[in-house]
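The values are calculated or read from the model by the stated rules, or taken from the named source; none is laboratory data. Just so it is clear, the structure is predicted and the values come from calculations on it, not from any experiment. Neighbour counts run over all protein chains shown; Cβ positions are idealised from the backbone, glycine included.
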Amino acid sequence: MAEIVAIDGPAGSGKSSVSKEVARRLGFGYLDTGAAYRALSWAVAEGHVAKPEAADETFDGFDYEISLNPDDFWVKSYGVDITNAIRLPKIAESVSAVAGVPAVRRFMKKLTRDLVSQSELGGVVVEGRDITTVVAPDAPVRLLLTASEEVRLERRAKELSPEDLATLRQQVLERDKSDSKVVDFMKPADGVDLVDTTNLDFEQSVQAVLSIIREQL
Ligand code: DC
């Protein structure tokens, strides 16, 4: 199985862009685990999958494919390229509820581990909310990327320029609040290294993560 570099953190911590760049520089794969939660929300909205509720749900029929190539990222489900569709606000609004269902989380843990083991890559940077604690607590490198609330909101505002900042603030903070009821991604678990990117630019954040990986791998 590929070596896992596990990276958790909240929205706007720089987690996705930093993880992708780190994967590129190491020649590793990159796995965005939030994409699967978003894709499942999309599949529920499109009527491909019943709304997850039952504790014994298995999601056997969930049709999901994701690229682990940091230079060619795509997500497909039921023959549809949903790379962009899963970033729409309506998915962001419904995804926390789906991610809060315990059966969904069990399914996602297995899906993530299967995607890594089937990849035939030497290493994969896996980013999410519960990778360091639940999905890969045994990973040789485990990091939590954080940044102050102000900086996280500013970064998100730059990504989604036309958004009204007040709505954005409400959406991001509410999603973090609801997601953190399920898993704690604000404080590092035992043995997890903390990288605070509040005062770091992109390149400095990448270097901080790379130096921890080089120390530990
Ligand atoms: O990272 P993201 O915004 O694409 O994640 C989408 C949602 O999925 C987010 O609301 C929290 C959830 N998620 C999770 O619960 N565990 C993960 N490992 C990844 C994402």
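Given (1) away from the ligand (no atom under 14 Å from the Cβ); (2) under 22 Å from GLU21 (Cβ atoms), identify the lone condition not met by THR132.
Unmet condition: (1).
Within the set of pairs 6+ apart or on separate chains, which have a first residue in the stretch 88-99 that is on the phi < 0 side of the Ramachandran plot and near the ligand (Cβ under 10 Å from one of its atoms), a second that is at pLDDT 90 or above and among the hydroxyl-bearing types (Ser, Thr, Tyr), and C-beta atoms under 7 Å apart?
Final answer for the pair search is ILE91/SER41; SER94/SER41; VAL95/TYR37; VAL95/SER41; VAL98/TYR37; VAL98/SER41; ALA99/TYR37.
Against the definition (within 28 Å of ALA50 (Cα to Cα), surrounded by fewer than 20 Cβ atoms within 10 Å (Cβ to Cβ) and modelled with pLDDT of 95 or more), how does VAL126 come out, yes or no?
Numbers: within 28 Å of ALA50 (Cα to Cα): yes; surrounded by fewer than 20 Cβ atoms within 10 Å (Cβ to Cβ): no; modelled with pLDDT of 95 or more: yes.
No.
Please verify whether ALA6 is touching a residue at least 12 places away in the same chain (Cβ under 8 Å) and in a loop (DSSP other than H, G, I, E, B), treating the condition exactly as stated.
When the stated conditions are applied, ALA6 does not pass them.
For residues that are β-branched (Val, Ile, Thr) and outside any strand (DSSP E or B), scanning just the stretch 61-107, find the one that is nearest to PHE28 (Cα to Cα). I'd like the intermediate steps shown before the answer.
Within the stretch 61-107, the subset β-branched (Val, Ile, Thr) is 66, 75, 80, 82-83, 86, 91, 95, 98, 101, 104.
Within this subset, residues satisfying the condition of being outside any strand (DSSP E or B) are 82-83, 86, 91, 95, 98, 101, 104.
On the way: ILE82: 23, THR83: 21, ILE86: 24, ILE91: 28, VAL95: 28, VAL98: 29, VAL101: 31, VAL104: 27 Å.
Taking the candidates together, the pick is THR83.
Does SER41 satisfy the criteria of being within 16 Å of the ligand (Cβ to nearest atom) and within 30 Å of GLY191 (Cα to Cα)? Before the answer, list the steps.
Values: within 16 Å of the ligand (Cβ to nearest atom): yes; within 30 Å of GLY191 (Cα to Cα): no.
No.
Per-residue answers, yes or no, for (1) crowded, with 23+ Cβ neighbours inside 10 Å; (2) within 14 Å of the ligand (Cβ to nearest atom); (3) of a type in the set (A, V, I, L, M, F, W, C):
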{"position": "SER13", "(1), (2), (3)": "yes, yes, no"}
{"position": "VAL18", "(1), (2), (3)": "yes, yes, yes"}
{"position": "GLY34", "(1), (2), (3)": "no, yes, no"}
{"position": "GLU46", "(1), (2), (3)": "no, no, no"}
{"position": "PRO52", "(1), (2), (3)": "no, yes, no"}
